[in-house]
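Notes for the one structure printed next.
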């Protein structure tokens, strides 16, 4: 049960985090919107992606540490919920900070929507939702994340050799 809960918790958050921003499609100009001089879209997108990675990696470490602790199952489950909540709140706050930095109003709005969606999921995370893998709000977060991805993807530099044989996470 311990291993299953920890894996389910992390998988649920990963499902919500399909990628805050992606990486380029090879040549960097396919479908790229016209950018005003000084637009910081690429920088904001890279920072938003870094925030996501940071919080998912921290969650992975926290859940792995929980798994090693000798505690009753109920305490482990509650601690897994709290670790997920903390990761999502941190991710939400980091995305909101990037929304404030964004010069592109469309990107700023998309990042704020994603931040709000992540924050909305937090109170809905329960032991039962982690047990079942039915995490309320995950689909909405994925949709909001996709919007951010669509704005960011043309702006991101290509990263060859990324996992899965794709150009991004």
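Which residue out of 163, 136 is surrounded by fewer than 21 Cβ atoms within 10 Å (Cβ to Cβ) and at pLDDT 80 or above?
That would be 136, the only listed residue that is surrounded by fewer than 21 Cβ atoms within 10 Å (Cβ to Cβ) and at pLDDT 80 or above.
Quick check on my filter: what residues within the stretch 99-134 are within 14 Å of the chain's Cα centre (by Cα) and without any contact (Cβ under 8 Å) to a residue 40 or more places away in the chain?
Of everything in the stretch 99-134, those that are within 14 Å of the chain's Cα centre (by Cα) and without any contact (Cβ under 8 Å) to a residue 40 or more places away in the chain turn out to be 112, 113, 115, 116, 117, 119, 120, 122.
Being outside any helix (DSSP H, G or I) and surrounded by fewer than 16 Cβ atoms within 10 Å (Cβ to Cβ) is the requirement here; does residue 93 meet it?
No; evaluated as a whole, the condition is false for this residue.
Picking from 69, 78, which residue would you name as being touching a residue at least 12 places away in the same chain (Cβ under 8 Å) and farther than 29 Å from residue 45 by Cα?
One residue alone meets the criteria, 78.
Sort out which residues of the stretch 88-98 are under 12 Å from the mean Cα position of the chain (by Cα) and more than 14 Å from residue 124 (Cα to Cα), and write them in order of number.
Those that are under 12 Å from the mean Cα position of the chain (by Cα) and more than 14 Å from residue 124 (Cα to Cα): 90, 91, 92, 93, 94, 95.
Out of all the residues in the stretch 50-62, is one or more in contact with a helix residue (DSSP H, G or I) (Cβ under 9 Å, 6 or more places away or on another chain), surrounded by fewer than 14 Cβ atoms within 10 Å (Cβ to Cβ) and at pLDDT below 90?
The answer is no, given that none of the residues of the stretch 50-62 is in contact with a helix residue (DSSP H, G or I) (Cβ under 9 Å, 6 or more places away or on another chain), surrounded by fewer than 14 Cβ atoms within 10 Å (Cβ to Cβ) and at pLDDT below 90.
The values are calculated or read from the model by the stated rules, or taken from the named source; none is laboratory data. From a predicted model like this one, the values you see are computed outputs, not experimental measurements. Cβ: placed from backbone, ideal geometry, glycine included. Neighbour counts: every protein chain shown.
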